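These notes are about the structure you will find just below.
The values are calculated or read from the model by the stated rules, or taken from the named source; none is laboratory data. Computed from a prediction, not measured in an experiment: that's the story for all the values here. With ideal geometry, Cβ positions are generated from the backbone for all residues, glycine too; neighbour counts draw on all protein chains shown. The protein model used for the area step is the full one, side chains on, heavy atoms only, and it has no ligands, DNA or RNA in it. Shrake-Rupley method; radii C 1.70, N 1.55, O 1.52, S 1.80 Å.
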Amino acid sequence: MNDLRTLEILKRHAADLVGGAMIYLRLEDGVVTISGEVEDIIVKRRMTSLAASTHGVRSVVDLLRRRPKQLMADREIRTMLVDALEEHLPFAECRILEAPVGGQEPAENRRHFVDVDVELGLVQLSGQVPGLDLKRLAGVLAWWIPGTCEVHNELHVSDWGDTQTFGSLAESVRLVLERDPLVDAASIRVGAKGPEVTLAGPPLPARYRKIAEEDAWYVHGVTRVRNLIPDSE
């Protein structure tokens, strides 16, 4: 299938997914680039998954941004995220740093640290943390800032041997749900098979059902979420 035909198919399916959102698709030699702004993380992730699964697409460049839930200056986003990281006990052994404009602070003599930089709503996380669960949690905390449009999570994990217990995707999603005050985490069952996560539990109002699904999509490494929680409305 040539690029033009592949692009036509992708555009047709994308229209049903993104609704009235304005997105842009470019396909060249099997590489599709997606840009624009969408309503939430669910649409963003589903759009990239749709593109990746379209016959004729070899790889996807995701430049989609989430529409900010609240307009915030980069400095506000950075300060709020640094505060959130410092308030979470799992990051007690990590030094939280605000990267200066135009570059990052040198990281010599610091084994575990998180550098936070923000530019035009895009949050950049770099540094080194002791476990995969902390890398994932840091990314979710960044997404929870209402002014965030995109997160690039480039944190390295130093102690891969310690991720056997806390590094599973299902455990990471549970960890996130437990930290979200808007979610009754105890009532939600989380399963994972590879990069795919399943949520199940008793009926919830549509708003809270969606919040739980967004939390799962925020977790680094998740490529699909099956939300089996019934809608109580």
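Length gain on complete extension for the stretch Asp74 to Leu122, per 0.36 nm per residue less the alpha carbon to alpha carbon distance?
So the extension gain works out to 16.4 nm.
Which of these values of Cα Rg over 2.2 N^0.38 Å was calculated from the structure shown: (i) 0.99; (ii) 1.05; (iii) 1.11?
Answer label, from the structure shown: (ii).
Please tell me the relative contact order of the chain in percent, rounded to the nearest whole number, where contacts are Cα pairs under 8 Å and at least six residues apart. Please report the intermediate quantities before stating the final value.
Values: 431 pairs, mean separation 33.2, N = 233.
Normalised by residue count, the contact order of the chain is 14 percent.
Would you list, by chain and number, the lysines whose Cα falls below 23 Å from the Cα of Lys11, excluding same-chain residues fewer than 8 positions away?
Here the lysines satisfying the reach criterion relative to Lys11 are Lys44.
Between helix 41-53 and the chain, what is the angle of the helix's C-alpha long axis to the longest principal axis, kept within 0 to 90° and rounded to the nearest 10?
60 degrees
Among Gly139, Gly147, Gly191, whose mean-square fluctuation peaks in a Gaussian network model of the chain (Cα, cutoff 10 Å)?
Gly191
Can you send over the carbon and sulfur percentage of the accessible area for the chain, probe radius 1.4 Å, protein chains only?
Numbers: 6110 of 11950 Å².
Carbon plus sulfur share of accessible area: 51 percent.
With the cut-off at 1.5 for a/c, could you classify the stretch 12-137 from its C-alpha gyration tensor as rounded, prolate or oblate?
Numbers: a/c = 2.37, a/b = 1.93, b/c = 1.23.
Since a/c reaches 1.5 and a/b is larger than b/c, the shape of the stretch 12-137 is classed as prolate.
Compute the long axis of helix 169-179 from its Cα atoms, compare it with the longest principal axis of the Cα atoms of the chain, and write down the angle in degrees, 0 to 90, nearest 10.
With rounding to tens, the tilt is 70 degrees.
Given a Förster distance of 25 Å, report the FRET efficiency between Asn2 and Glu196 from their Cβ-Cβ distance, rounded to the nearest 0.05. Present the calculation step by step, with values, prior to reporting the outcome.
On the way: r = 31 Å, r/R0 = 1.23.
The computed FRET efficiency comes out at 0.20.
For His156, what charge total do you get from the other residues with a beta carbon under 12 Å from its beta carbon, if Lys and Arg give +1 and Asp and Glu give -1? Don't skip to the answer; put the middle values down first.
Details: positive: Arg111, Lys135; negative: Asp115, Glu154, Asp159.
Net charge around His156: -1.
Nearest 5 is fine: what % of DSSP beta bridges in the chain come out antiparallel, could you say?
Values: 18 of 43 bridges.
Percentage antiparallel, nearest 5: 40.
Per residue, how much accessible area does the chain have with a 1.4 Å probe, in Å²? Walk me through the numbers on the way to the answer.
On the way: 11950 Å² over 233 residues.
On a per-residue basis, 51 Å².
What's the center-to-center distance, using Cα atoms, between the stretch 175-190 and the stretch 71-94 in Å?
Here the two parts' Cα centres lie 21 Å apart.
For His152 and Tyr208, calculate 0.36 nm times their separation in residues minus their Cα-Cα distance, and state this gained length in nm to one decimal.
Working: separation 56, 0.36 × 56 = 20.16 nm, distance 2.61 nm.
Stretched out fully, the His152 to Tyr208 stretch lengthens by 17.5 nm.
Run the simple label-point estimate for Val31 and Ser232 please: 7 Å along Cα→C-beta, distance reported in nm.
4.8 nm
Mind checking the stretch 13-60 for trypsin sites (Lys or Arg not before Pro) that DSSP puts in a loop (not H, G, I, E or B) and that have at most 16 other Cβ atoms within 10 Å? Before the final figure, lay out each step's value.
Values: sites: Arg26, Lys44, Arg45, Arg46, Arg58; in loops: Arg58.
Qualifying residues, ordered by number: Arg58.
Report the FRET efficiency, 1/(1 + (r/R0)^6), for Lys11 and Asp83, where r is their Cβ-Cβ distance and R0 is 45 Å, rounded to 0.05.
Values: r = 42 Å, r/R0 = 0.93.
For Lys11 and Asp83, the calculated efficiency is 0.60.
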